[in-house]
Number of protein chains: 2
Amino acid sequence: MSTLQDGTASQDAYSRLLELRASIDNLDSAVVHLLAERFKCTQQVGRLKAAHGMPAVDPDREAVQIRRLRSLAEQARLDPEFAEKFLNFIIDEVVRNHRSL
Amino acid sequence: MSTLQDGTASQDAYSRLLELRASIDNLDSAVVHLLAERFKCTQQVGRLKAAHGMPAVDPDREAVQIRRLRSLAEQARLDPEFAEKFLNFIIDEVVRNHRSL
């Protein structure tokens, strides 16, 4: 391959890399906004539970959430193990927030 | 408060809880699908980098991503610390996926 062809291939690859990074950034922006909305919901859940003396943790609900998210992940061809790890990561943050209130 | 009023208040609270949980489930579904799309992008990035001998890790890119996501989180009233932790959680998974390929 000539230097010129190499250069063109590298430039094409770099353009494609920038395109993919722009998509990743767009997806990350969307996820951040959805998570902001999700924490608004869990804050309301926290306040509601506190006001009505409902138990803060509900293992049955968590089991349903995990099952549901694993099944959704499979449909979307996302690793279900990762989906479960992700949900636990979010729930840990919710618990941390509730404790700090 | 009479037992009837208590009962009504609890029932209202429980209905509201179910409503909030349905919103949380909807938001989680959306996030799972966005993450599935995000991993499709990072897989393409991994293949592109491998094919063109580009370095797998790019600390400058990561620094830009973190700065960007923290700023977006602030605008969305999401804890920027959490947004950074979240991005690192996702990047760790991307690295784990690339290693397993």
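Go through (1) part of a loop (DSSP other than H, G, I, E, B); (2) without any contact (Cβ under 8 Å) to a residue 12 or more places away in the chain and name the single condition B:Ala56 misses.
(2)
Would you check if B:Leu78 is outside any helix (DSSP H, G or I), hydrophobic (A, V, I, L, M, F, W, C), closer than 30 Å to A:Arg47 by Cβ and under 14 Å from the mean Cα position of the chain (by Cα)?
yes
Failed condition for B:Thr42, given (1) surrounded by fewer than 18 Cβ atoms within 10 Å (Cβ to Cβ); (2) on the phi < 0 side of the Ramachandran plot, with all others met?
(1)
Given the criteria at pLDDT below 95, part of a helix (DSSP H, G or I) and hydrophobic (A, V, I, L, M, F, W, C), does A:Ala30 qualify? So that I can check it myself, show each step before the final result.
Details: at pLDDT below 95: no; part of a helix (DSSP H, G or I): yes; hydrophobic (A, V, I, L, M, F, W, C): yes.
So A:Ala30 fails the test.
Scan the stretch A:1-12 and tell me whether some residue there is in contact (Cβ under 8 Å) with a residue 12 or more places away in the chain and surrounded by fewer than 17 Cβ atoms within 10 Å (Cβ to Cβ).
Within the stretch A:1-12, not a single residue is in contact (Cβ under 8 Å) with a residue 12 or more places away in the chain and surrounded by fewer than 17 Cβ atoms within 10 Å (Cβ to Cβ).
Being at the interface with chain A (Cβ under 10 Å from one of its Cβ atoms), more than 22 Å from A:Val31 (Cα to Cα) and surrounded by fewer than 12 Cβ atoms within 10 Å (Cβ to Cβ), is that true of even one residue in the stretch B:48-55? Quick ask: steps written out before the conclusion?
Of the residues in the stretch B:48-55, the ones at the interface with chain A (Cβ under 10 Å from one of its Cβ atoms) are B:48-49, B:51-54.
Filter again for more than 22 Å from A:Val31 (Cα to Cα), leaving B:48-49, B:51-54.
Filter once more, so that each one left must be surrounded by fewer than 12 Cβ atoms within 10 Å (Cβ to Cβ): B:51, B:53.
Checking the stretch B:48-55: at least one residue is at the interface with chain A (Cβ under 10 Å from one of its Cβ atoms), more than 22 Å from A:Val31 (Cα to Cα) and surrounded by fewer than 12 Cβ atoms within 10 Å (Cβ to Cβ).
What number goes with the only condition from (1) touching a residue at least 40 places away in the same chain (Cβ under 8 Å); (2) of a type outside the set (Ser, Thr, Tyr); (3) more than 9 Å from every other protein chain (Cβ to nearest Cβ) that A:Ile66 does not pass?
(1)
Can you say whether B:Ala73 is within 7 Å of another protein chain (Cβ to nearest Cβ) and closer than 18 Å to A:Asp25 by Cα, as far as the supplied structure shows?
Details: within 7 Å of another protein chain (Cβ to nearest Cβ): yes; closer than 18 Å to A:Asp25 by Cα: yes.
Yes; evaluated as a whole, the condition is true for this residue.
B:Val95 passes all but one of (1) more than 9 Å from chain A (Cβ to nearest Cβ); (2) surrounded by 12 or more Cβ atoms within 10 Å (Cβ to Cβ); (3) not in a helix (DSSP H, G or I); which number fails?
For B:Val95, the exception is condition (3).
Consider A:Ala36 carefully, then state whether it is more than 10 Å from every other protein chain (Cβ to nearest Cβ), under 30 Å from B:Asp12 (Cα atoms) and either out of contact with any Cys (no Cβ under 6 Å at 6 or more places or on another chain) or among the charged types (D, E, K, R) (or both).
Criteria not met by A:Ala36.
The values are calculated or read from the model by the stated rules, or taken from the named source; none is laboratory data. This is a predicted model, so every value here is computed, not measured. So basically every Cβ, Gly included, is an ideal-geometry build from the backbone, and we count neighbours across all protein chains shown.
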